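The values are calculated or read from the model by the stated rules, or taken from the named source; none is laboratory data. What you see is a predicted model; the values in this text were computed from it and never measured. Virtual Cβ from ideal backbone geometry, glycine too; neighbours counted across all protein chains shown. Remember, those area values only see protein heavy atoms, side chains included, never the ligands or the DNA or RNA. Shrake-Rupley method; radii C 1.70, N 1.55, O 1.52, S 1.80 Å.
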Protein chains: 2
Amino acid sequence: MDTQAAHEILTKHLKSNGKQRATPERFAILDAVLQSQGHFDVEALYYRLISNGVKVSKATVYNTLEVLQECGLVSKYRFAENTSRYEKAFGRPHHHHMICLNCGDIIEFTSDRLERIQEEMANSKGFEIQSTTIQIFGTCSKCRKKV
Amino acid sequence: MDTQAAHEILTKHLKSNGKQRATPERFAILDAVLQSQGHFDVEALYYRLISNGVKVSKATVYNTLEVLQECGLVSKYRFAENTSRYEKAFGRPHHHHMICLNCGDIIEFTSDRLERIQEEMANSKGFEIQSTTIQIFGTCSKCRKKV
DNA sequence: CTCGGTGCAAATGCTTTGCAATGTC
DNA sequence: GACATTGCAAAGCATTTGCACCGAG
(Lines give C-alpha, C1' and ligand atoms only; values in the text may rest on other atoms or scores of the structure.)
Protein backbone atom coordinates (compact mmCIF):
# COMPACT_ATOMS: atom_id res chain seq x y z
CA MET A 1 0.00 0.00 0.00
CA ASP A 2 1.00 3.60 -0.29
CA THR A 3 2.85 4.16 2.93
CA GLN A 4 3.60 7.76 2.16
CA ALA A 5 0.00 8.70 1.54
CA ALA A 6 -1.01 7.11 4.82
CA HIS A 7 1.71 9.02 6.65
CA GLU A 8 0.43 12.22 5.17
CA ILE A 9 -3.09 11.50 6.31
CA LEU A 10 -1.85 10.93 9.83
CA THR A 11 0.36 14.01 9.79
CA LYS A 12 -2.46 16.18 8.55
CA HIS A 13 -4.82 14.77 11.16
CA LEU A 14 -2.40 15.44 13.98
CA LYS A 15 -1.77 19.00 12.87
CA SER A 16 -5.42 19.76 12.32
CA ASN A 17 -6.13 18.84 15.90
CA GLY A 18 -3.81 21.59 16.95
CA LYS A 19 -2.08 19.96 19.90
CA GLN A 20 -1.36 16.41 18.81
CA ARG A 21 2.25 15.58 18.14
CA ALA A 22 3.89 13.51 15.46
CA THR A 23 5.91 10.96 17.38
CA PRO A 24 8.06 8.21 15.90
CA GLU A 25 5.99 5.65 17.82
CA ARG A 26 2.84 6.69 16.04
CA PHE A 27 4.39 6.30 12.63
CA ALA A 28 5.98 3.01 13.58
CA ILE A 29 2.61 1.68 14.64
CA LEU A 30 1.00 2.99 11.47
CA ASP A 31 3.63 1.18 9.42
CA ALA A 32 2.98 -2.05 11.26
CA VAL A 33 -0.72 -1.65 10.62
CA LEU A 34 -0.13 -1.04 6.92
CA GLN A 35 1.87 -4.23 6.69
CA SER A 36 -0.89 -6.24 8.33
CA GLN A 37 -3.18 -8.56 6.47
CA GLY A 38 -6.75 -9.01 7.59
CA HIS A 39 -7.84 -8.56 11.17
CA PHE A 40 -5.58 -8.31 14.16
CA ASP A 41 -5.90 -7.54 17.84
CA VAL A 42 -3.73 -5.33 20.01
CA GLU A 43 -1.78 -8.28 21.34
CA ALA A 44 -0.72 -9.44 17.89
CA LEU A 45 0.17 -5.98 16.69
CA TYR A 46 2.16 -5.30 19.83
CA TYR A 47 4.00 -8.57 19.48
CA ARG A 48 4.83 -7.86 15.86
CA LEU A 49 6.18 -4.43 16.74
CA ILE A 50 8.36 -5.78 19.52
CA SER A 51 9.60 -8.58 17.29
CA ASN A 52 10.64 -6.04 14.70
CA GLY A 53 12.69 -4.24 17.29
CA VAL A 54 10.28 -1.33 17.71
CA LYS A 55 10.21 -0.25 21.31
CA VAL A 56 6.67 0.70 22.28
CA SER A 57 4.38 0.04 25.18
CA LYS A 58 0.98 -1.49 24.86
CA ALA A 59 -0.58 1.69 26.21
CA THR A 60 0.84 3.56 23.27
CA VAL A 61 -0.49 0.97 20.87
CA TYR A 62 -3.97 1.46 22.27
CA ASN A 63 -3.61 5.20 22.16
CA THR A 64 -2.32 5.21 18.61
CA LEU A 65 -4.95 2.83 17.31
CA GLU A 66 -7.53 5.26 18.56
CA VAL A 67 -5.82 8.10 16.74
CA LEU A 68 -5.61 6.03 13.55
CA GLN A 69 -9.26 5.22 13.89
CA GLU A 70 -10.10 8.90 14.16
CA CYS A 71 -8.45 9.65 10.86
CA GLY A 72 -9.98 6.64 9.17
CA LEU A 73 -6.80 4.66 8.71
CA VAL A 74 -8.01 1.70 10.74
CA SER A 75 -11.39 0.24 11.58
CA LYS A 76 -12.25 -1.30 14.89
CA TYR A 77 -14.56 -4.26 15.24
CA ARG A 78 -16.06 -6.25 17.98
CA PHE A 79 -17.12 -9.68 16.91
CA ALA A 80 -18.29 -12.31 19.34
CA GLU A 81 -15.27 -12.28 21.64
CA ASN A 82 -14.18 -9.91 24.33
CA THR A 83 -11.24 -8.59 22.36
CA SER A 84 -11.41 -5.68 19.99
CA ARG A 85 -10.17 -6.43 16.53
CA TYR A 86 -8.77 -3.96 14.07
CA GLU A 87 -7.92 -3.85 10.42
CA LYS A 88 -6.37 -1.29 8.17
CA ALA A 89 -8.93 0.80 6.37
CA PHE A 90 -6.57 2.60 4.03
CA GLY A 91 -7.00 1.83 0.38
CA ARG A 92 -9.76 -0.64 1.03
CA PRO A 93 -13.41 -0.43 0.11
CA HIS A 94 -15.97 -0.43 2.86
CA HIS A 95 -16.96 -3.99 3.54
CA HIS A 96 -18.72 -6.24 6.00
CA HIS A 97 -18.20 -9.62 7.62
CA MET A 98 -19.59 -13.10 7.84
CA ILE A 99 -18.19 -14.79 10.91
CA CYS A 100 -18.16 -18.58 11.12
CA LEU A 101 -19.08 -19.56 14.65
CA ASN A 102 -17.53 -22.96 14.11
CA CYS A 103 -14.04 -22.26 12.76
CA GLY A 104 -13.82 -18.54 13.39
CA ASP A 105 -13.18 -17.74 9.75
CA ILE A 106 -14.12 -14.27 8.64
CA ILE A 107 -15.44 -13.76 5.15
CA GLU A 108 -15.54 -10.23 3.85
CA PHE A 109 -18.12 -8.98 1.43
CA THR A 110 -19.31 -5.73 -0.07
CA SER A 111 -22.71 -4.71 -1.28
CA ASP A 112 -23.68 -1.40 -2.75
CA ARG A 113 -27.29 -2.27 -2.25
CA LEU A 114 -26.80 -2.77 1.47
CA GLU A 115 -24.99 0.55 1.74
CA ARG A 116 -27.73 2.31 -0.13
CA ILE A 117 -30.53 0.88 1.95
CA GLN A 118 -28.69 1.75 5.12
CA GLU A 119 -28.44 5.33 3.94
CA GLU A 120 -32.13 5.40 3.16
CA MET A 121 -32.98 4.03 6.59
CA ALA A 122 -30.77 6.61 8.26
CA ASN A 123 -32.18 9.47 6.22
CA SER A 124 -35.70 8.49 7.09
CA LYS A 125 -34.82 8.87 10.78
CA GLY A 126 -32.82 12.05 10.32
CA PHE A 127 -29.75 10.11 11.42
CA GLU A 128 -26.31 11.09 10.16
CA ILE A 129 -24.14 8.04 9.43
CA GLN A 130 -20.57 8.01 10.57
CA SER A 131 -19.84 4.33 10.08
CA THR A 132 -21.74 1.12 9.69
CA THR A 133 -21.12 -2.47 10.62
CA ILE A 134 -22.87 -5.55 9.34
CA GLN A 135 -22.05 -8.88 10.87
CA ILE A 136 -23.52 -12.15 9.74
CA PHE A 137 -22.90 -14.97 12.18
CA GLY A 138 -23.35 -18.57 11.15
CA THR A 139 -21.58 -21.48 9.53
CA CYS A 140 -19.25 -21.19 6.58
CA SER A 141 -19.45 -23.49 3.58
CA LYS A 142 -16.38 -25.50 4.61
CA CYS A 143 -17.81 -26.27 8.03
CA ARG A 144 -21.21 -27.10 6.62
CA LYS A 145 -19.68 -29.81 4.47
CA LYS A 146 -17.91 -31.40 7.41
CA VAL A 147 -21.07 -32.00 9.40
CA MET B 1 -45.70 -10.53 27.14
CA ASP B 2 -46.60 -14.15 27.18
CA THR B 3 -44.63 -15.33 30.17
CA GLN B 4 -45.94 -18.84 29.97
CA ALA B 5 -44.88 -19.35 26.37
CA ALA B 6 -41.41 -18.11 27.19
CA HIS B 7 -41.18 -20.50 30.14
CA GLU B 8 -42.14 -23.34 27.87
CA ILE B 9 -39.45 -22.46 25.40
CA LEU B 10 -36.86 -22.47 28.15
CA THR B 11 -38.15 -25.71 29.64
CA LYS B 12 -38.12 -27.42 26.29
CA HIS B 13 -34.63 -26.17 25.56
CA LEU B 14 -33.29 -27.42 28.88
CA LYS B 15 -34.83 -30.84 28.42
CA SER B 16 -33.69 -31.20 24.84
CA ASN B 17 -30.14 -30.67 25.93
CA GLY B 18 -30.43 -33.72 28.09
CA LYS B 19 -28.51 -32.65 31.15
CA GLN B 20 -29.60 -29.09 31.79
CA ARG B 21 -31.77 -28.51 34.82
CA ALA B 22 -34.74 -26.30 35.36
CA THR B 23 -33.79 -24.24 38.38
CA PRO B 24 -35.87 -21.52 39.99
CA GLU B 25 -33.03 -19.03 39.39
CA ARG B 26 -33.24 -19.53 35.66
CA PHE B 27 -36.93 -18.84 35.56
CA ALA B 28 -36.59 -15.87 37.87
CA ILE B 29 -33.99 -14.38 35.56
CA LEU B 30 -36.12 -15.11 32.53
CA ASP B 31 -39.02 -13.30 34.18
CA ALA B 32 -36.86 -10.30 34.90
CA VAL B 33 -35.74 -10.26 31.29
CA LEU B 34 -39.32 -10.43 30.06
CA GLN B 35 -40.21 -7.43 32.18
CA SER B 36 -37.34 -5.42 30.76
CA GLN B 37 -37.75 -2.67 28.23
CA GLY B 38 -35.06 -2.04 25.65
CA HIS B 39 -31.43 -2.87 26.24
CA PHE B 40 -29.87 -3.72 29.54
CA ASP B 41 -26.54 -4.92 30.82
CA VAL B 42 -25.79 -7.60 33.40
CA GLU B 43 -25.30 -5.04 36.13
CA ALA B 44 -28.75 -3.53 35.67
CA LEU B 45 -30.48 -6.87 35.43
CA TYR B 46 -28.68 -8.15 38.51
CA TYR B 47 -29.59 -5.03 40.43
CA ARG B 48 -33.21 -5.34 39.45
CA LEU B 49 -33.32 -8.97 40.52
CA ILE B 50 -31.78 -8.21 43.90
CA SER B 51 -34.12 -5.26 44.39
CA ASN B 52 -37.06 -7.51 43.75
CA GLY B 53 -35.88 -9.83 46.47
CA VAL B 54 -34.62 -12.53 44.12
CA LYS B 55 -31.51 -14.09 45.54
CA VAL B 56 -29.07 -14.83 42.73
CA SER B 57 -25.39 -14.35 42.11
CA LYS B 58 -24.00 -12.47 39.18
CA ALA B 59 -22.32 -15.64 37.97
CA THR B 60 -25.72 -17.24 37.61
CA VAL B 61 -27.02 -14.23 35.74
CA TYR B 62 -24.20 -14.59 33.24
CA ASN B 63 -24.74 -18.29 32.95
CA THR B 64 -28.47 -17.96 32.49
CA LEU B 65 -28.22 -15.19 29.93
CA GLU B 66 -26.12 -17.51 27.87
CA VAL B 67 -28.72 -20.23 28.14
CA LEU B 68 -31.47 -17.79 27.21
CA GLN B 69 -29.44 -16.71 24.26
CA GLU B 70 -29.09 -20.28 23.09
CA CYS B 71 -32.81 -20.74 22.96
CA GLY B 72 -33.38 -17.41 21.28
CA LEU B 73 -35.10 -15.68 24.18
CA VAL B 74 -32.52 -12.93 24.44
CA SER B 75 -30.10 -11.28 22.04
CA LYS B 76 -26.66 -10.14 23.00
CA TYR B 77 -25.04 -7.07 21.54
CA ARG B 78 -21.78 -5.35 21.73
CA PHE B 79 -21.97 -1.73 20.74
CA ALA B 80 -19.08 0.63 21.14
CA GLU B 81 -18.43 0.04 24.83
CA ASN B 82 -16.76 -2.75 26.70
CA THR B 83 -19.95 -4.02 28.26
CA SER B 84 -22.22 -6.57 26.67
CA ARG B 85 -25.78 -5.47 26.30
CA TYR B 86 -28.79 -7.73 26.07
CA GLU B 87 -32.42 -7.43 25.16
CA LYS B 88 -35.32 -9.79 25.17
CA ALA B 89 -35.89 -11.37 21.81
CA PHE B 90 -39.18 -13.05 22.58
CA GLY B 91 -42.17 -11.76 20.69
CA ARG B 92 -40.15 -9.15 18.92
CA PRO B 93 -39.31 -8.89 15.23
CA HIS B 94 -35.71 -9.05 14.18
CA HIS B 95 -34.36 -5.52 14.13
CA HIS B 96 -31.20 -3.50 13.97
CA HIS B 97 -29.71 -0.44 15.62
CA MET B 98 -28.60 3.07 14.96
CA ILE B 99 -26.36 4.20 17.79
CA CYS B 100 -25.85 7.90 18.43
CA LEU B 101 -22.22 8.47 19.30
CA ASN B 102 -23.12 11.74 20.93
CA CYS B 103 -25.95 10.94 23.33
CA GLY B 104 -25.81 7.16 23.29
CA ASP B 105 -29.39 6.84 22.15
CA ILE B 106 -30.25 3.65 20.34
CA ILE B 107 -32.80 3.75 17.57
CA GLU B 108 -34.22 0.46 16.40
CA PHE B 109 -35.29 -0.22 12.88
CA THR B 110 -36.35 -3.10 10.70
CA SER B 111 -35.98 -3.65 7.00
CA ASP B 112 -37.11 -6.63 5.03
CA ARG B 113 -34.95 -5.55 2.16
CA LEU B 114 -31.85 -5.59 4.30
CA GLU B 115 -32.71 -9.05 5.56
CA ARG B 116 -33.28 -10.30 2.06
CA ILE B 117 -30.04 -8.95 0.69
CA GLN B 118 -28.14 -10.40 3.60
CA GLU B 119 -29.61 -13.78 2.81
CA GLU B 120 -28.63 -13.44 -0.81
CA MET B 121 -25.08 -12.50 0.12
CA ALA B 122 -24.83 -15.46 2.47
CA ASN B 123 -26.26 -17.88 -0.08
CA SER B 124 -23.81 -16.75 -2.69
CA LYS B 125 -20.97 -17.71 -0.34
CA GLY B 126 -22.55 -20.94 0.81
CA PHE B 127 -22.81 -19.44 4.28
CA GLU B 128 -25.56 -20.50 6.64
CA ILE B 129 -26.93 -17.60 8.67
CA GLN B 130 -27.54 -18.03 12.35
CA SER B 131 -27.98 -14.40 13.29
CA THR B 132 -27.18 -11.00 11.88
CA THR B 133 -26.33 -7.66 13.34
CA ILE B 134 -26.41 -4.29 11.65
CA GLN B 135 -25.14 -1.29 13.52
CA ILE B 136 -25.19 2.21 12.17
CA PHE B 137 -23.07 4.61 14.20
CA GLY B 138 -23.48 8.33 13.84
CA THR B 139 -25.46 11.27 15.11
CA CYS B 140 -29.17 11.20 15.83
CA SER B 141 -31.54 13.90 14.66
CA LYS B 142 -31.84 15.45 18.13
CA CYS B 143 -28.09 15.88 18.48
CA ARG B 144 -27.75 17.20 14.95
CA LYS B 145 -30.12 20.02 15.76
CA LYS B 146 -28.17 21.00 18.85
CA VAL B 147 -24.92 21.65 17.00
C1' DC C 1 11.01 25.81 27.49
C1' DT C 2 6.23 23.79 27.40
C1' DC C 3 3.20 20.61 27.50
C1' DG C 4 1.75 16.43 24.99
C1' DG C 5 3.29 11.59 24.66
C1' DT C 6 5.53 7.54 26.35
C1' DG C 7 6.56 3.57 29.34
C1' DC C 8 5.73 1.12 33.14
C1' DA C 9 3.09 -0.84 36.52
C1' DA C 10 -0.78 -0.59 39.11
C1' DA C 11 -5.68 -0.16 38.83
C1' DT C 12 -10.22 -0.96 36.81
C1' DG C 13 -14.13 -3.32 35.44
C1' DC C 14 -16.41 -7.01 32.96
C1' DT C 15 -16.54 -11.81 32.84
C1' DT C 16 -15.02 -16.42 34.08
C1' DT C 17 -13.59 -19.96 37.19
C1' DG C 18 -12.73 -23.14 41.27
C1' DC C 19 -14.89 -25.40 44.74
C1' DA C 20 -17.89 -26.65 48.46
C1' DA C 21 -22.78 -26.64 49.30
C1' DT C 22 -27.34 -27.27 47.31
C1' DG C 23 -31.32 -29.16 45.17
C1' DT C 24 -33.02 -31.15 40.62
C1' DC C 25 -33.99 -35.29 38.39
C1' DG D 1 -28.03 -40.60 45.35
C1' DA D 2 -25.57 -38.46 41.24
C1' DC D 3 -24.25 -34.66 39.34
C1' DA D 4 -25.66 -30.14 37.24
C1' DT D 5 -26.09 -25.64 39.25
C1' DT D 6 -25.41 -22.19 42.62
C1' DG D 7 -22.92 -18.64 45.37
C1' DC D 8 -19.01 -16.59 46.66
C1' DA D 9 -14.66 -14.88 46.13
C1' DA D 10 -10.67 -15.13 43.73
C1' DA D 11 -8.60 -15.08 39.24
C1' DG D 12 -8.32 -13.60 34.34
C1' DC D 13 -8.09 -10.47 30.68
C1' DA D 14 -8.42 -6.47 27.86
C1' DT D 15 -8.13 -1.84 28.50
C1' DT D 16 -7.23 2.45 31.11
C1' DT D 17 -4.84 5.39 34.22
C1' DG D 18 -1.29 7.83 37.16
C1' DC D 19 2.93 9.67 37.13
C1' DA D 20 7.82 10.61 36.29
C1' DC D 21 10.57 11.22 32.34
C1' DC D 22 11.28 12.43 27.55
C1' DG D 23 11.21 14.94 23.43
C1' DA D 24 8.39 17.41 19.59
C1' DG D 25 7.24 22.02 18.45
Test assert for segment A:124-141: residues whose accessible surface shrinks by at least 40 Å² between chain alone and all chains, 1.4 Å probe, equal A:125, A:126, A:127, A:128, A:130, A:131, A:133, A:135, A:136, A:137, A:139
Over chain B, with neighbouring protein chains present, the accessible area per residue in Å² at probe 1.4 Å is 55 Å²
For chain A, the dipole about the Cα centre with charges only on Cβ (Lys and Arg +1, Asp and Glu -1), to the nearest 20 debye, works out at 300 debye
With all protein chains present, chain B has a carbon and sulfur share of its accessible area (1.4 Å probe) in percent of 47 percent
Under a Gaussian network model of chain A whose springs join Cα atoms within less than 10 Å, the largest fluctuation of A:108, A:81, A:43 belongs to A:81
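Would you work out the Kirkwood radius for segment B:96-146? I mean one over the mean of 1/r across all pairs of different Cα atoms, in Å. Kindly include the intermediate steps, with their values, before the conclusion.
Values: mean 1/r = 0.0796 Å⁻¹.
Every distinct Cα pair counted, the radius reaches 12.6 Å.
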Scaled by the rule-of-thumb 2.2 N^0.38 Å, the alpha carbon Rg for chain B gives a ratio of 1.18
For segment A:14-28, in residue order, the Karplus 3J(HN,Hα) values (coefficients 6.51, -1.76, 1.60; θ = phi - 60°; whole Hz; Gly and Pro = x) are 5, 5, 4, 7, x, 10, 7, 9, 8, 9, x, 4, 4, 6, 5
Of all DSSP beta bridges with both partners in chain A, the antiparallel percent, nearest 5, is 70 percent
Once both label points are put 7 Å beyond Cα along the C-beta direction, the residue B:115-residue A:94 separation in nm becomes 2.4 nm
In whole Å, largest first, the alpha carbons of the protein assembly as shown cover along the principal axes 62, 51, 41
If labels are modelled 7 Å from Cα along the Cβ direction, residue A:42 lies from its partners in the other copies at nm distances, smallest first, of 1.9
At the level of C-alpha centres, the distance separating segment B:47-74 and segment B:90-147, in angstrom, is 26 Å
Per residue, the convex hull enclosing the alpha carbons of segment A:3-88 has a volume in Å³ of 91 Å³
Accessible-area loss of at least 50 Å² (1.4 Å probe, chain alone to full protein assembly) applies in segment B:85-118 to B:98, B:113, B:114, B:117
Sorting from shortest, the nanometre distances separating the label point of residue B:72 (7 Å past Cα along the line to Cβ) from those of the same residue in the other copies are 4.1
Restricting to lysines and to Cα separations under 19 Å from residue A:88, and discarding same-chain partners fewer than 8 apart, the set is A:12, A:58, A:76
Buried accessible surface, B vs A, both sides, probe 1.4 Å, in Å² to 100, equals 3200 Å²
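Give, in nm to one decimal, the length gained when the segment between residue B:3 and residue B:146 is fully stretched (0.36 nm per residue of separation minus the Cα-Cα distance). Each step should come with its number before you reach the end.
Values: separation 143, 0.36 × 143 = 51.48 nm, distance 4.15 nm.
This chain segment gains 47.3 nm when fully extended.
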Quick calc: nm separation of the 7 Å Cα→Cβ label points for residue A:55 and residue A:131 -> 3.2 nm
Note to self, chain A gives a 222 nm [θ] from helices alone (DSSP H runs n ≥ 4, -39500 (n - 2.57) apiece, / all residues, nearest 500) of -14000 deg cm²/dmol
Restricting to aspartates and glutamates and to Cα separations under 14 Å from residue A:55, and discarding same-chain partners fewer than 8 apart, the set is A:25, A:31
For residue A:108, inter-copy label-point distances (7 Å, Cα→Cβ), nm, shortest first, read 3.3
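What does the net charge come to around residue A:118 if you take all other residues with beta carbon closer than 15 Å to its beta carbon, with K and R at +1 and D and E at -1? Please report the intermediate quantities before stating the final value.
Values: positive: A:113, A:116, A:125, B:113, B:116; negative: A:112, A:115, A:119, A:120, A:128, B:108, B:112, B:115.
Result for the local shell: -3.
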